[in-house]
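Enquirer: Before anything else, here's the structure in question.
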Amino acid sequence: MSPLPTFNAENIFSSDEIDLVDQLVNSVGIHDVDDSGSYPDSGKHGRYSGKTTANNIHWNYHRCPEIEKILTPKLEQLLQRQLLVTDAHILEAKLPYLVHTDFIHNNQGHVPEYTVIIPLDTYDSVTVCFNEWAEDYNDFEIFKQSYQGEKKLRIDPGFAVDRLNHIHPKDIVYLTVHDTFAWRKGSVFAMDRRYFHCSDNFVKRGLPTKRAIILWTLSSSTKY
Ligand SMILES: [Fe+2]
């Protein structure tokens with residue numbers, strides 16, 4: 001089945017709504033430091049090995065009605081579907097994500113649908129969503145191994161140098177850009193969790209950190 005439609009929308013939430021969600025998550029959420037594991041290439045021998053990649057605050061989306069009340073109606077209207085969230089967290093990224101999908105994450109037998117990104121402030125940073133996608137795994141290395149298409153630079157070279165200089169040039173030749181999402185307070189990006197995506201290299205551009213609400217949704221109707 002081909003990927004779900006992508007939504008890249010500005011001014012969905014007011015600054016006050018975003019600040020209130022930020023406050024509420026801080027009061028109910030569980031803080032953790034991400035120093036490996038969930039970042040691609042962060043394993044024992046990976047490039048990010050031993051580094052703090054992010055500080056996260058997790059909360060149980062469907063057990064916090066105060067937060068749901070703010071987020072759910074507008075997201076359901078935008079996505080035109082019922083929202084079932086399997087994982088909700090505030091991401092405070094310290095290092096730029098490398099290329100990965102979000103397919104495998106606590107799916108509890110349901111079909112994964114959307115990754116939703118809601119920046120908590122406005123940053124000179126983008127999320128890059130590629131046309132390439134994969135089912136059943138998150139790891140770009142697996143995609144590369146089974147890739148049979150043409151390997152050549154199809155991303156604007158200026159953009160690649162400016163924003164994607166943390167991605168190895170040998171990896172960029174597998175990819176084409178589907179959409180870029182500028183991190184603005186109140187904006188929402190929703191992409192099919194099967195799409196490969198990554199952050200831009202915000203650290204190289206002088207931004208020490210960036211924060212966003214991240215939701216991983218499931219189909220509320222379909223089960224495996
Ligand atoms: Fe992701």
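Here, each number is a calculation from the coordinates, and none is a lab measurement. Just so it is clear, the structure is predicted and the values come from calculations on it, not from any experiment. Cβ: placed from backbone, ideal geometry, glycine included. Neighbour counts: every protein chain shown.
Enquirer: Checking Val128 against (1) touching a helix residue (DSSP H, G or I) at 6+ places or on another chain (Cβ under 9 Å); (2) part of a strand (DSSP E or B); (3) away from the ligand (no atom under 16 Å from the Cβ): exactly one of these is not met. Which one?
Expert: Every condition holds for Val128 apart from (3).
Enquirer: Where residues in region 129-178 are more than 25 Å from Val116 (Cβ to Cβ) and among the small types (Gly, Ala, Ser), which of them is farthest from the chain's Cα centre (by Cα)? So that I can check it myself, show each step before the final result.
Expert: Pass one, region 129-178, residues more than 25 Å from Val116 (Cβ to Cβ): 141, 144-154, 156-158, 160-162, 165, 168-174.
Then keep just the ones that are among the small types (Gly, Ala, Ser); that gives 146, 149, 158, 160.
Details: Ser146: 24, Gly149: 25, Gly158: 23, Ala160: 19 Å.
Among those that are more than 25 Å from Val116 (Cβ to Cβ) and among the small types (Gly, Ala, Ser), it is Gly149.
Enquirer: Scan region 103-122 for residues that are crowded, with 20+ Cβ neighbours inside 10 Å and either part of a loop (DSSP other than H, G, I, E, B) or more than 10 Å from the ligand (Cβ to nearest atom) (or both) and report the count.
Expert: Matching residues across region 103-122 total 8.
Enquirer: Turning to a different aspect of this structure: Can you tell me which residues in region 1-22 are in a helix (DSSP H, G or I) and either under 18 Å from the mean Cα position of the chain (by Cα) or not charged (D, E, K, R) (or both)?
Expert: Matches in region 1-22: Ser15, Ile18, Leu20, Val21, Asp22.
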